[in-house]
Amino acid sequence: ARDDPVRVHDRRASLLRHLRRTKRAYAAKQQALLECLRATAKPAQVVASGLTVLLKLPRGTSDMVVAREASAFGLAPTPISAWYVSPEDAEQGLLLGVATAPTRNLAQSCDRLFEVIHRCAGLKPGG
């Protein structure tokens, strides 16, 4: 049984509208997250890429420790150092998902994240 061409067209049009709406929503969330982070971080520390934002951490700050501590506040940044083959070469930073960024309390979440970063600055991964 073949689908009615009008029905197929309607489904495709509906999907395209959904994708455009979603793309606009994610772009707006990313812009809001970037503005929030750049209010505190240096411009070179914040990099947008796709549906994520990379927040580079200050030298000596363990992204693993920050991610673990941030989870206590319901935040779920992804540490990038785990993706490096050699721990000695690992950059320290956090990937922040745009799709899951809190829309409501974004400024408060960013403030909490920076509080954690400042508190964890200089701590080793085990500590």
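Values for this structure:
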| item | result |
| --- | --- |
| The chain: radius of gyration over Cα atoms, expressed as a fraction of 2.2 N^0.38 Å | 1.37 |
| Length gained when the stretch S71-K23 is fully extended (0.36 nm per residue, less Cα-Cα span) | 14.5 nm |
| Dipole axis of the chain (+1 Lys, Arg; -1 Asp, Glu on Cβ), positive-most option in L106, L15, A82 | L15 |
| Once exposed loop trypsin sites (Lys or Arg not before Pro) are cut out (DSSP; at most 15 other Cβ, 10 Å), longest piece of the chain | 3-58 |
| Calculated from backbone phi, Karplus (6.51, -1.76, 1.60) coupling profile of the range 48-55 in Hz, x at Gly/Pro | 8, 7, x, 9, 10, 10, 8, 10 |
| Global size of the range 26-88 as Cα Rg and Dmax, reported in angstrom | 12.5, 36 |
| Cα gyration tensor, the range 66-127 - rounded (a/c under 1.5), prolate or oblate | oblate |
| Isolated Cys residues of the chain, judged by Cβ distance under 4.7 Å to other cysteines | C120 |
| Solvent-accessible heavy-atom area per residue, rounded to whole Å², over the chain at 1.4 Å | 69 |
| Accessible carbon and sulfur surface of the chain relative to its total accessible area, %, 1.4 Å | 56 |
| Mean Cα-pair separation over length for the range 66-124, i.e. relative contact order, pairs under 8 Å, 6 or more apart, % | 33 |
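The values are calculated or read from the model by the stated rules, or taken from the named source; none is laboratory data. Because the structure is a prediction, the values reported are computed rather than measured. Glycine gets a Cβ as well: all are built from the backbone with ideal geometry, and neighbour counts include every protein chain shown. Accessible surface areas use protein heavy atoms only, side chains included; no ligands, DNA or RNA. Shrake-Rupley method; radii C 1.70, N 1.55, O 1.52, S 1.80 Å.
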